[in-house]
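The values are calculated or read from the model by the stated rules, or taken from the named source; none is laboratory data. What you see is a predicted model, and the numbers here were worked out from it, not measured in a lab. Every residue, glycine as well, gets a Cβ built from its backbone with ideal geometry; the counts of neighbours run over all protein chains shown.
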Amino acid sequence: MLIAYTREVSPRLADCELTHLERQPLDVAGARAEHAVYESVLERLGARVRRLPSTPQLPDGVFVEDAAVVLDDVAVITRPGAPSRQPETASVEAVLAAHRPVIHVRAPATLDGGDVLVAGRRIYIGLSTRTTRGAIQQLIDQLAPYGHEVVPLAFTGCLHLKSAVTRVADDLVLLNPAWVAADAFTGHRALAVDPAEPHAANALALGGAVIHPLQHARTRARLQSAGLTVVTVPQVELAKAEAGVTCCSLLVETS
Ligand code: GLY
């Protein structure tokens, strides 16, 4: 069974952290409606959606991906790079501890799950304003006994590594080549986003399809031409909070 953990959109979403975007008026009701569509798509593609405890006081709490990295055999509880986000991890750890042994990123290091791209036993971790070299070294050391290889990666131009690149099939990454090197991903072909859609590289592969924001039609056409089935979700209000489709769920395969 595949569980998708999500979290309700906070009434304080408009106070979220922003790094590369200007703050704009944000309609929380609209963001909630978008999130509801996203959850229904997760269900339609075969996941069982379970909500984590609400954290109405934490503006970015809906972006659950940043609080943990769930691997087949272990879960990493992160220490988010924005201090306002560090209280998000406790409720995530309480839930994930029922599924996996957990390890932790320890202070002073910080790491956001959005900077972690898992490709089988190889784990790419982007160096960002949120994720430190110290955190990457901690994961190199702690994940080696589990047989995971950690590969640090430089990128530029966006908040998280997975804003620049995501894995859309076993051998294919979708990426913005202006933000991350297209040849960095061993064993993968690279499909570039349309140059007019720099923010279109964040996609979520699930259930034989790829979830992708509705507004990126040109990149959607490229995904479809590559033979992928694309399921679109609205992401206008959530995008104002620097969201992606990967960051609104934590996927856990259970037996
Ligand atoms: N608003 C998403 C983040 O900055 O973490």
- request: With respect to Glu22, determine if the residue is assigned to a loop (DSSP other than H, G, I, E, B), within 16 Å of the ligand (Cβ to nearest atom), among the acidic types (Asp, Glu) and within 23 Å of Ser91 (Cα to Cα).
  value: no
- prompt: Any residue at all in the stretch 50-65 that is farther than 23 Å from Arg12 by Cα and crowded, with 19+ Cβ neighbours inside 10 Å?
  reply: no
- line: Over the stretch 235-255, the set of residues surrounded by fewer than 18 Cβ atoms within 10 Å (Cβ to Cβ), closer than 25 Å to Leu13 by Cα and not β-branched (Val, Ile, Thr) is Leu251
query: Does Ala97 fit the bill of being away from the ligand (no atom under 16 Å from the Cβ) and out of contact with any Leu (no Cβ under 8 Å at 6 or more places or on another chain)?
result: yes
task: For the stretch 159-169, indicate whether the set of residues that are within 16 Å of the ligand (Cβ to nearest atom), outside any helix (DSSP H, G or I) and touching a residue at least 60 places away in the same chain (Cβ under 8 Å) is non-empty.
output: yes
- prompt: Mind checking which residues of the stretch 211-255 are hydroxyl-bearing (Ser, Thr, Tyr), more than 16 Å from the ligand (Cβ to nearest atom) and at pLDDT 95 or above?
  reply: Thr219, Ser225, Thr229, Thr232, Thr254
- request: Report whether or not Thr186 is surrounded by fewer than 20 Cβ atoms within 10 Å (Cβ to Cβ), more than 16 Å from the chain's Cα centre (by Cα), part of a loop (DSSP other than H, G, I, E, B) and among the hydroxyl-bearing types (Ser, Thr, Tyr).
  value: yes
